[in-house]
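> Pasting a structure below so you can have a look.
Just so it is clear, none of the values below were taken in a lab; they were calculated from the coordinates. Predicted model, so just to flag it, every value in this text is computed and none were measured. All Cβ positions, glycine included, derive from the backbone under ideal geometry; neighbour counts span all protein chains shown.
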Amino acid sequence: MTTPVRRVRFRSRHVEHEVDRDDDSDEEGLNAADPDHQAQRGDWSNKRTVAQSKEIRRIRIDDVLWLLALILTIWYFDVPCTLWFDPRIRWTYLQASAALWLGFFAIGIFFIAILGQAVEPDDWRRTYPRLFPLATSLFLLSCITFCYAVWPVWSGWSLLIVFVCSVASIIIVSLFP
């Protein structure tokens, strides 16, 4: 007499597994869902690649509101014209801020474009442990130098401008697959 078999679908972050599981043997069924156990058995027929499992994130209402806040902030403070033509801007610090931000952006491109193909995103911190603190400090220094560069023009409002632009840029980047 055969025991009934039920199909259980396990869903992890990047991989979907379908496992046959006997009702009598719970321990064997749990091991069958383990990726190491599947590799030993050679059962990778249901494994999806990282590229296949990435889904486009839907636009939410808070995304729209932050993007609207970015547009209104840039329009109200007339950011482009002020940065180019106002003589009170401290150009040395503005250029330093741009260079620090480009370094931060280059680290992000390195992680997404180069490492994204070879290493799982969960393993980035283990593979390159010093790049995360470096990227964080580059970003913070960029924000500080930008605020110092434009402080004579906008004073305390420069903190709001930096905050809104930072959050909106994170939202824009998160919308890409």
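> Rounded to the nearest 0.05, what FRET efficiency do Arg60 and Phe132 have when you use their Cβ-Cβ distance and R0 = 41 Å? Walk me through the numbers on the way to the answer.
On the way: r = 26 Å, r/R0 = 0.64.
After rounding, the FRET efficiency stands at 0.95.
> While we're looking at this one, here's another question. Testing the spin-label approximation: label points 7 Å from Cα along Cα→Cβ at Thr92 and Asp122. State their distance in nm.
4.9
> Let me ask another. Sort the following peptides by mean Cβ neighbour count (other Cβ atoms within 10 Å, averaged over residues), highest first: 56-68, 127-139. Provide the component values of the computation, followed by the final result.
Numbers: 56-68: 11.5, 127-139: 13.5.
Going by the mean number of other Cβ atoms within 10 Å, highest first, we get 127-139, 56-68.
> Once you sort the root eigenvalues of the Cα gyration tensor of region 45-177 as a ≥ b ≥ c, which label holds: rounded (a/c under 1.5), prolate (a/b larger than b/c) or oblate (the other case)?
Values: a/c = 3.27, a/b = 1.68, b/c = 1.95.
Note, shape of region 45-177 comes out oblate.
> Residue-wise, which Karplus ³J(HN,Hα) couplings in Hz belong to region 163-168, taking 6.51 cos²θ - 1.76 cosθ + 1.60, θ = phi - 60°, and x for glycine or proline?
Going residue by residue, I get 5, 5, 5, 5, 5, 5 Hz, with x marking Gly and Pro.
> Same structure, new question: If the chain between Thr82 and Leu102 were fully stretched, how many nm would it gain, using 0.36 nm times the residue separation less the Cα-Cα distance?
Numbers: separation 20, 0.36 × 20 = 7.20 nm, distance 2.09 nm.
The span from Thr82 to Leu102 would gain 5.1 nm if fully extended.
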